[in-house]
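The values are calculated or read from the model by the stated rules, or taken from the named source; none is laboratory data. Only a predicted model underlies this, so the values are computations on that prediction, with no experimental measurement involved. Note: ideal-geometry Cβ built from the backbone for every residue, glycine included; neighbour counts use all protein chains shown.
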């Protein structure tokens with residue numbers, strides 16, 4: 001067996017040196033005549049047109065950058081993408097006919113009912129653009145909470161509901177949750193709808209066909225308990241928040257899991273059977289759920305009481321809520337992150353299979369499916385296999401979670417977890433996986449020598465599984481392939497004037513003593529007097545600051561909501577510098593520089 005494993009390692013290593021272009025379909029839309037399925041290919045920078053009559057890709061349109069969202073306009077497609085060089089591309093007759101500048105990593109474009117305004121979530125600017133499609137001008141940028149990734153518009157066009165991906169604020173408190181923002185499209189006023197405790201990792205948001213209900217998919221982190229087991233969703237469950245459009249309040253939080261099997265990383269939402277069936281995909285377990293929407297509505301109405309807080313407490317602990325009104329359908333493909341519905345047909349983009357899956361659903365929920373490749377099959381590299389494993393809950397006991405559950409996009413979920421690797425009762429903030437292998441040690445107290453040890457310990461002690469060594473090596477390769485995303489604080493890719501002043505301060509007051517370039521860590525551990533309880537007096541790891549703008553909250557226990565809080569509230573930096581002596585302007589400049597890294 002050791003010899004065979006070695007052969008696989010050599011084979012994967014050889015394939016990893018070969019440049020492969022995967023498609024990674026991430027968004028699906030239907031043409032207005034229902035004859036064509038459009039798919040955006042995230043890693044191939046393409047738009048694919050799939051002809052339903054021939055069951056083949058009929059056209060491929062190259063895009064200037066990675067696509068992240070799509071909507072169908074009359075006689076055109078509007079595609080968001082380009083990452084930090086955010087753009088909206090208008091596609092007509094198989095070509096880009098227009099280009100509009102947006103914010104950092106634009107997502108989830110939504111058309112107004114009159115087709116004159118496009119709403120775009122600028123994920124890493126934490127705002128939403130209102131774009132005039134006649135002039136191409138951005139009329140407004142409306143701030144929301146944190147990482148808006150999905151949106152939908154009320155039927156009257158008055159309110160835009162926006163899903164914020166992960167929580168804001170401190171992590172060392174009893175309530176930590178992501179939220180829904182509601183933007184009044186006329187007045188530009190914003191209302192916030194808090195979700196139940198532990199809600200994070202929002203991915204999908206859709207309004208029901210009757211316009212009465214908003215559904216949002218997300219995870220439900222059980223961050224207040226130690227990670228001693230996975231049974232019955234002890235560590236993490238998967239949820240669907242149900243929001244009333246008229247009152248703009250959270251009605252109920254439905255768990256999508258079963259008693260002995262998770263529905264991990266819920267993602268896309270759609271409606272079939274004339275709006276009577278709610279469709280939700282599990283990107284971590286490669287399946288969809290078909291939910292009887294009228295029955296769900298009645299059940300929620302029966303459960304909800306005048307005391308909404310009590311109803312919500314019951315809701316997010318009921319693993320049998322969908323019993324009798326839901327069918328789970330296993331898919332042929334891997335990574336269903338997008339779907340579109342036309343009558344009895346569900347069209348699914350499988351991110352890791354580079355394929356379109358078509359599921360036909362009868363009125364009594366009998367299903368048939370077919371998997372259609374979107375391009376030539378590519379040999380899988382070690383890094384691609386590792387990315388698949390990182391997002392695959394099939395590696396986990398009872399499929400409750402994947403690595404991406406706590407590390408969405410291989411970064412952080414902004415939560416604290418008590419992982420037991422350094423005792424019990426001392427939760428730590430989730431670190432980003434970016435540069436983890438280049439900056440040993442691993443974990444805040446350095447209990448793992450490096451990320452290699454951390455990956456293997458995670459499989460054993462977090463996913464409660466025993467996997468072959470080749471799986472861990474593949475995950476290593478994926479994590480080592482990660483590249484930093486340019487900071488939204490940069491101006492045309494360069495430090496702003498304020499950041500340049502902040503750099504001078506950073507170097508002069510001693511920040512660079514522990515955070516030297518280029519990784520902005522000296523790879524050491526220090527007792528900063530910040531550890532308490534079982535950890536009191538112990539030194540903590542010096543984290544790197546690359547992409548630190550993305551990883552709030554800060555410090556080992558997430559006690560600092562913002563980088564300014566790191567310096568002003570928690571006096572971080574006084575050990576080697578003179579933070580207390582800085583003026584307000586100097587502090588702001590210092591923060592600007594650090595957040596530009």
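Overview of values
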quantity: Check on residue 113, within 15 Å of residue 71 (Cα to Cα) and out of contact with any strand residue (DSSP E or B) (no Cβ under 7 Å at 6 or more places or on another chain); calculated: yes
quantity: Residue in the range 342-356 that is in contact (Cβ under 8 Å) with a residue 40 or more places away in the chain and over 27 Å from the mean Cα position of the chain (by Cα) present; calculated: yes
quantity: Where residue 151 falls short, out of the listed (1) over 20 Å from the mean Cα position of the chain (by Cα); (2) closer than 28 Å to residue 222 by Cα; (3) touching a residue at least 12 places away in the same chain (Cβ under 8 Å); calculated: (1)
quantity: Subset of the range 552-571 [surrounded by fewer than 20 Cβ atoms within 10 Å (Cβ to Cβ) and in contact with a helix residue (DSSP H, G or I) (Cβ under 7 Å, 6 or more places away or on another chain)]; calculated: 564, 568, 571
quantity: Residue in the range 201-211 that is in contact with a helix residue (DSSP H, G or I) (Cβ under 8 Å, 6 or more places away or on another chain), crowded, with 24+ Cβ neighbours inside 10 Å and assigned to a loop (DSSP other than H, G, I, E, B) present; calculated: yes
quantity: Residue list for the range 64-84, filter: at pLDDT 95 or above and out of contact with any strand residue (DSSP E or B) (no Cβ under 6 Å at 6 or more places or on another chain); calculated: 64, 82, 83, 84
quantity: Residue under evaluation residue 243, criteria (1) more than 26 Å from residue 462 (Cα to Cα); (2) in contact (Cβ under 8 Å) with a residue 40 or more places away in the chain; (3) in contact with a helix residue (DSSP H, G or I) (Cβ under 9 Å, 6 or more places away or on another chain), criterion not met; calculated: (3)
quantity: Every residue from the range 127-147 that is part of a strand (DSSP E or B) and either surrounded by 19 or more Cβ atoms within 10 Å (Cβ to Cβ) or under 24 Å from the mean Cα position of the chain (by Cα) (or both); calculated: 127, 128, 129, 130, 131, 141, 142, 143
quantity: Checklist (1) under 30 Å from residue 464 (Cα atoms); (2) modelled with pLDDT under 95 applied to residue 327, failing item; calculated: (2)
quantity: Qualifying residue in the range 545-553 (condition: in contact (Cβ under 8 Å) with a residue 60 or more places away in the chain and over 22 Å from the mean Cα position of the chain (by Cα)); calculated: no
quantity: Condition met for residue 558 (outside any strand (DSSP E or B), without any contact (Cβ under 8 Å) to a residue 40 or more places away in the chain and within 24 Å of residue 591 (Cβ to Cβ)); calculated: no
quantity: Conditions (1) under 26 Å from residue 417 (Cα atoms); (2) surrounded by fewer than 16 Cβ atoms within 10 Å (Cβ to Cβ): number failed by residue 221; calculated: (2)
quantity: Residue ranges of strands (runs of 3 or more DSSP E) in the range 247-312 with at least 2 members surrounded by 14 or more Cβ atoms within 10 Å (Cβ to Cβ) and at pLDDT below 95; calculated: 249-255
quantity: Criterion violated by residue 452 - all others in (1) closer than 30 Å to residue 232 by Cβ; (2) surrounded by 17 or more Cβ atoms within 10 Å (Cβ to Cβ) satisfied; calculated: (1)
quantity: Enumeration of residues in the range 488-500 that are modelled with pLDDT of 95 or more and more than 23 Å from residue 43 (Cβ to Cβ); calculated: 489, 490, 491, 494, 495, 496, 497, 498, 499, 500
quantity: The listed residue being within 24 Å of residue 169 (Cα to Cα), at pLDDT 95 or above and touching a strand residue (DSSP E or B) at 6+ places or on another chain (Cβ under 8 Å), out of 540, 594, 485; calculated: 540
quantity: Meets criteria (under 24 Å from residue 445 (Cβ atoms) and in a helix (DSSP H, G or I)) for residue 544; calculated: no
